Amino acid sequence: MNADFQNLTPFSYAVIGDPISHSLSPHIHKSFAKQFEMDLDYRAIQVAPEKLDEFFEVFIQEGGKGCNVTLPLKEKVFEKISRVTDQARIAGAANTVTVIADELSADNTDGVGLMRDLERQFEMDWRQMRILILGAGGAARGILYPLLQKSPKAVILINRSMERAKHVQQAFASYGSIEVQPANYVFQQPVDLIIHATSAAARGESADCDTLFNSAQSAIRSTTRAYDLMYQLHDDTHFCKWAKANHIKHSVDGLGMLVEQAAESFTLWHGQRPEVNTVLENLRKNHT
Ligand code: ATR
């Protein structure tokens, strides 16, 4: 996509990030719009972090109504916008920006998107569940608040950096209890769900997660399920491959979460909730 967003005006809806050409959001939002026979202008726009102020200025001036935000801008966007929802404030990151009376308002629909996808994919008896999260970065922070609100039996976090894990534990202390264990922890009690939230695969460093995965191995029982926040359209992710190799019967990647968070943003902007299943199926079958 054109890096010079000045040439793309007038705006309506968009997804911003850097890089952005891989983004599925334009396809997803346009598929939702078709369900309502809506002619939606939704584009992918490359915005470098240092160009964010300039972008928002032009976006508002040129009639922009809403934009989704992806890597590496989620935290930066949150820091720049003063009107934020609880979801964005607690996650410290925003993935959805709405222009209301020429002012920017930031929200985060990632967490809700995950909750909806988990409930669609698995039977979630939240209060009985022990949930293990691998990773303590932005992706983990984005899901912890809605997860803790479901009052699971236990949330356990393991991370390469123990310091970062403890920091997250403290940051969320007022919303619920998180048990923090070292990356090489050996579990004495199994868990019901393992959520992979590291960015190692995106960084091309999947093999570095072996310590975390070995630890998670000790938490598996026959009914344990696995969820990867990352996705790959036509192949299992590294984590899903690991889950299968370790006899986890139900493992899914985060494509459903991506479509669900988009559905939340769409509902917020257009006041109509789209159907996600067919969009998800079409992406897996037909999108290259
Ligand atoms: P953010 O998502 O906030 O930008 P990040 O630096 O990309 O943060 O890291 C996200 C998560 O992936 C963190 O839990 C990080 O572990 P550390 O806190 O120990 O850095 C984890 N992560 C990234 N690369 C990793 C690797 N090669 N091995 C293990 N964990 C990794």
TODO: Specify whether the C-alpha gyration tensor of region 192-288 places it in the rounded, prolate or oblate class, a ≥ b ≥ c being the square roots of the eigenvalues: rounded for a/c under 1.5, otherwise prolate if a/b is larger than b/c and oblate if not.
DONE: prolate
Task: Sum of -39500 (n - 2.57) over DSSP H runs of 4+, divided by residues of the chain (222 nm, nearest 500) - done: -11000 deg cm²/dmol
Open item on the list: Which residues does the label zone of ASP102 cover in region 34-59, counting backbone N under 16 Å from a point 7 Å along Cα→Cβ?
Closed with: 56-59
TODO: Anything in the chain that counts as a DSSP H helix reaching 15 Å or more along its axis (C-alpha) with Kyte-Doolittle mean of at least 0.0? List them, would you?
DONE: 138-149, 255-270
TODO: Calculate, for MET162 and ASN214, the FRET efficiency according to 1/(1 + (r/R0)^6) with r their C-beta to C-beta distance and R0 22 Å; round to the nearest 0.05.
DONE: 0.85
TODO: Kindly state, to the nearest 0.05, the FRET efficiency for GLU37 paired with GLN149, given R0 = 51 Å and r defined as their beta-carbon distance.
DONE: 0.90
Open item on the list: I'd like the trypsin sites (Lys or Arg not before Pro) in region 75-162 restricted to DSSP loop residues with at most 13 other Cβ atoms within 10 Å, sorted by number.
Closed with: LYS153
Open item on the list: Need one number: the % of Cα-Cα pairs in region 68-157 sitting beyond the 17 Å mark.
Closed with: 51 percent
Task: Cα gyration tensor shape for region 1-114, rounded if a/c is under 1.5, else prolate or oblate - done: rounded
TODO: Scale the Cα Rg of the chain by the rule-of-thumb value 2.2 N^0.38 Å and send over the ratio, two decimals.
DONE: 1.00
Task: Hydrodynamic radius by Kirkwood, which averages 1/r over all alpha carbon pairs of region 209-260, in angstrom - done: 11.4 Å
TODO: Any of LYS74/LYS150; LYS80/LYS153; LYS76/LYS166; LYS153/LYS285; LYS241/LYS285 with alpha carbons more than 28 Å apart? Name them for me.
DONE: LYS80/LYS153; LYS153/LYS285
Open item on the list: Counting only GluC sites (Glu not before Pro) that sit in a DSSP loop (anything but H, G, I, E, B) with at most 12 other Cβ atoms within 10 Å, what is the longest stretch of the chain containing none of them?
Closed with: 38-122
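Laboratory data are not the source of any read-out in this text; all were calculated from the coordinates shown. This is a predicted model, so every value here is computed, not measured. Please note: Cβ atoms are built from the backbone with ideal geometry, for glycine as well, and neighbour counts cover all protein chains shown.
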